[in-house]
1. Run Ala67 past the list (1) more than 15 Å from the ligand (Cβ to nearest atom); (2) without any contact (Cβ under 8 Å) to a residue 60 or more places away in the chain; (3) crowded, with 23+ Cβ neighbours inside 10 Å and report the number of the one that doesn't hold.
2. Give the residue that is nearest to the ligand (Cβ to nearest atom), with candidates limited to residues of segment 88-100 that are surrounded by 19 or more Cβ atoms within 10 Å (Cβ to Cβ) and more than 20 Å from Glu312 (Cα to Cα).
3. Across segment 314-342, which residue is nearest to Val196 (Cα to Cα) among those that are open to solvent by less than 20 Å² (accessible area, probe 1.4 Å) and more than 21 Å from the chain's Cα centre (by Cα)?
4. Check whether at least one residue in segment 50-63 is of a type in the set (D, E, K, R), open to solvent by less than 60 Å² (accessible area, probe 1.4 Å), farther than 23 Å from Asp297 by Cα and more than 10 Å from the ligand (Cβ to nearest atom), and report yes or no.
5. I'd like to know if segment 17-38 contains one or more residues that are more than 12 Å from the ligand (Cβ to nearest atom), open to solvent by less than 20 Å² (accessible area, probe 1.4 Å) and small (Gly, Ala, Ser).
6. Collect the residues in segment 146-168 that are open to solvent by 10 Å² or more (accessible area, probe 1.4 Å) and away from the ligand (no atom under 11 Å from the Cβ), keeping them in residue-number order.
7. For segment 174-197, name all the residues that are touching a Phe, Trp or Tyr at 6+ places or on another chain (Cβ under 7 Å), of a type outside the set (A, V, I, L, M, F, W, C) and within 13 Å of the ligand (Cβ to nearest atom).
8. Out of everything in segment 1-16 that is closer than 21 Å to Gly88 by Cα and open to solvent by 50 Å² or more (accessible area, probe 1.4 Å), what residue ends up being nearest to the ligand (Cβ to nearest atom)?
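The values are calculated or read from the model by the stated rules, or taken from the named source; none is laboratory data. Computed from a predicted structure; not experimentally measured. Here the Cβ positions follow ideal geometry from the backbone for every residue, glycine too, while neighbour counts run over all protein chains shown. Each accessible area value is taken on the protein alone, full model and side chains, heavy atoms only, with ligands, DNA and RNA left out. Shrake-Rupley method; radii C 1.70, N 1.55, O 1.52, S 1.80 Å.
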Amino acid sequence: MGSTLNVGIVGVGNISQQYLEEFPKLPNLSLTAVADLDLDRAAAVARDQGVESMSVDALLADPRIHAVLNLTIPSAHTEIALRALDAGKHVYGEKPLALATADAAPVLARAAQAGLRVGSAPDTVLGTGIQTARALLDEGRIGSPVAAAVAWSAPGHELWHPSPAFYYQPGGGPLFDMGPYYLTSLVTFFGPVVRVSGAVGRSSRERTVATGPLAGTPIPVDVDTHVTAILEHANGVISTVTVSFEVWETRVPLFEVYGTGGSISVPDPNRFSDTVAIATASDRTWRDVPVSAGYADAGRGVGLADLARAIETGRPHRASGELAFHVLEIMESIIRSGTTHEVVTLTSTVERPDAVGFGARPESW
Ligand SMILES: NC(=O)c1ccc[n+]([C@@H]2O[C@H](COP(=O)([O-])OP(=O)(O)OC[C@H]3O[C@@H](n4cnc5c(N)ncnc54)[C@H](O)[C@@H]3O)[C@@H](O)[C@H]2O)c1
């Protein structure tokens, strides 16, 4: 075991619990302090974790902290990332990287200038589910990939999230919320996307908070709630993607990859380790595949642990700002195409992140 990255979390709302549960399992990360606009919330989490609660300013100024874990809502991602970098700290944030590529570009530029790292969720793609599917593809088990199909839907996150308003503001909607899991997986499988067409819409359904102290509060809807897209990858693969907050019941989610010699059933990319299945041309029968790649027993935070190890060994980290930027440009382009009815050619590109070997732990990989 090498060095430890001291981490300060900014934003300790709903998702922070999953990271906090994972920290003790990631020996190259050490939680130093937490901060939140909601001081009582930060104090309660700090007490629970046995760490310090601070103001955001104090956390950013604390010289013991090497990296900021940015778990704020999407509209705050850029501001916190830039402030963390200006304070000389690496930053790893929840998805999306920013509301728009115009906001994200200065984050990457400033990090490059300062020699600091930017990482971004989703790190679920480093788990055994997506990595095993990738290994099958890379081993040619379905021949050459031709296409992929994604369909994810839900009635809307207001049914379970206690403060869901941000899901209906820019940076939310089914595309910016769930798109990063699927699109990051697709880029992990097939490499960068070159062209995008989209169709987008929203119903007149009124949304209200369904649970918690805000129950009954109306939610303004300022995003598209049904999004469908065609992505052309540089390697010729075509992905079709539908994500929606408009579906009460369905028999999907669907995530499949089709090749010249078979199909792969890809597990939920919002989770780390569900089962992959394959059906080949020889017998066209689905069979579960044993795990063959990916960080073992992973949970949210493994991408930051991978980043910490990458700093130590001088290699690129996998859940990178550049990858998240490309995914952000894909999402932005889908909305643009859906609005202008034109095919959009992307300006960014990215290398496929390195595969994760079987059973690896981020602190030793
Ligand atoms: N909730 C989930 O299941 C889930 C899953 C995966 C990813 N995410 C992502 O995680 C992020 C946070 O989601 P959440 O559900 O935890 O939201 P949340 O509203 O429950 O928590 C966000 C927290 O950030 C704090 N905050 C907001 N702006 C801040 C600022 N400028 N400075 C300091 N603190 C600030 C809020 O007070 C709140 O405590 C989002 O980007 C979301 O897309 C959420």
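1. (2)
2. Kept after step one, since they are surrounded by 19 or more Cβ atoms within 10 Å (Cβ to Cβ), are these residues of segment 88-100: 89-99.
If we keep only those that are more than 20 Å from Glu312 (Cα to Cα) too, we end up with 94-99.
Numbers: Glu94: 3, Lys95: 6, Pro96: 7, Leu97: 10, Ala98: 10, Leu99: 11 Å.
In this case the residue turns out to be Glu94.
3. Ser337
4. Step one: filter segment 50-63 for residues of a type in the set (D, E, K, R), giving 52, 57, 62.
When the remaining residues are screened for being open to solvent by less than 60 Å² (accessible area, probe 1.4 Å), the result is 62.
The next check asks that each one be farther than 23 Å from Asp297 by Cα; those that pass are 62.
Okay, now just the ones that are also more than 10 Å from the ligand (Cβ to nearest atom), so 62.
Yes; the residues of segment 50-63 include at least one that is of a type in the set (D, E, K, R), open to solvent by less than 60 Å² (accessible area, probe 1.4 Å), farther than 23 Å from Asp297 by Cα and more than 10 Å from the ligand (Cβ to nearest atom).
5. yes
6. If the condition is that a residue be open to solvent by 10 Å² or more (accessible area, probe 1.4 Å) and away from the ligand (no atom under 11 Å from the Cβ), then Val146, Ala147, Ala149, Ala151, Trp152, Ser153, Ala154, Pro155, Leu159 are the ones that fit.
7. Initially, segment 174-197 is screened for residues touching a Phe, Trp or Tyr at 6+ places or on another chain (Cβ under 7 Å), giving 174, 177-178, 182.
Subset that is of a type outside the set (A, V, I, L, M, F, W, C): 174, 177, 182.
Pro174, Asp177 - these are the residues of segment 174-197 that are touching a Phe, Trp or Tyr at 6+ places or on another chain (Cβ under 7 Å), of a type outside the set (A, V, I, L, M, F, W, C) and within 13 Å of the ligand (Cβ to nearest atom).
8. Pass one, segment 1-16, residues closer than 21 Å to Gly88 by Cα: 3-11.
Restricting the remaining residues to those that are open to solvent by 50 Å² or more (accessible area, probe 1.4 Å) gives 3-4.
On the way: Ser3: 27, Thr4: 24 Å.
Ranking the candidates gives Thr4 first.
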